[in-house]
Amino acid sequence: MRSELGISLGIFGTLLSLSSFFILRDDTLTALGIGIIIIGLTLISIRDEGDISGIIEGGLANLELLLEDLDVSQKGYYFPNGNKVNFYVALNGKLSFPEPQGIITTQDGSSVLILHPPIYVIKDLNKSLDSLISEYVVEKGLAEGVKVVKNGSVYALEVKGSKVYTPGRVKLVMGSCVSSIVASIIALKEGKPCVIKEEKGDDKRFTALIEVLT
């Protein structure tokens, strides 16, 4: 998992730094992209699979800077593509799900910010939802316990003892880290986009509603 997350951050950081330098001409975003690349390389190089919450928090802090710099505040959607998932949020116009052409992709006059969530690639999708959540959340030390109940197109999530701090702008747009990971898994298992509708509570215990688009 750690190496996959590192690769995801490395790709995202590369796209961000290149597009910022050559297209946006933004030195701040270029530096941010380079920082994300460094975090990704660090993740790849670390072999111990223990608690990775501290490293993920570093990546989330960088995402916070990006979302604030672009003044993004609306909720985005988790969009599956095979065993991978991307996160889409509209910057202007109507939200669509185009093939990524960079961190910011424009189609029919609408611009979409496309990000990699904390978990970008999920293997063994034939496993049950509960098994995948346990593998990618509980066993990695990101939370003490996670319970999910499905009701129609909505999944009710209960998380106990979250170990990852999610900055305010990231939480507003993408949801908390644990909710984001669960939403990514649900999008891939359902094969449909989903959105984190709401979250309530604190790190000791919080609930969330994740809706699948039908």
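The values are calculated or read from the model by the stated rules, or taken from the named source; none is laboratory data. Given the structure is predicted, the values throughout are model-derived calculations rather than measurements. In this analysis, Cβ positions are derived from the backbone assuming ideal geometry, glycine residues included, and neighbour counts consider all displayed protein chains.
Scanning segment 98-109 for any residue that is in contact with a strand residue (DSSP E or B) (Cβ under 7 Å, 6 or more places away or on another chain) and of a type in the set (D, E, K, R) turns up nothing. Considering LYS140, LYS150, LYS163, the condition of being in contact with a helix residue (DSSP H, G or I) (Cβ under 9 Å, 6 or more places away or on another chain) and at pLDDT 95 or above is satisfied by LYS150 alone. Evaluation of TYR120 against the conditions (1) buried (at least 23 other Cβ atoms within 10 Å of the Cβ); (2) within 12 Å of the chain's Cα centre (by Cα); (3) hydroxyl-bearing (Ser, Thr, Tyr) shows that the sole unmet condition is (1).
Picking from residues in segment 123-141 that are touching a residue at least 40 places away in the same chain (Cβ under 8 Å) and either assigned to a strand (DSSP E or B) or touching a strand residue (DSSP E or B) at 6+ places or on another chain (Cβ under 7 Å) (or both), the one that is surrounded by the fewest Cβ atoms within 10 Å (Cβ to Cβ) is LEU129.
Scan segment 71-95 residue by residue and report those that are more than 17 Å from PRO117 (Cβ to Cβ) and modelled with pLDDT of 85 or more. Break it down into steps so the answer makes sense when it comes.
Taking segment 71-95 as the starting set, the residues that turn out to be more than 17 Å from PRO117 (Cβ to Cβ) are 71, 73, 91-94.
Those that are more than 17 Å from PRO117 (Cβ to Cβ) and modelled with pLDDT of 85 or more: ASP71, SER73, LEU91, ASN92.
State which residue is surrounded by the most Cβ atoms within 10 Å (Cβ to Cβ) when the search covers only segment 64-109 and only residues that are farther than 23 Å from ILE122 by Cβ and in contact (Cβ under 8 Å) with a residue 60 or more places away in the chain. Among them, the one singled out is LEU67.
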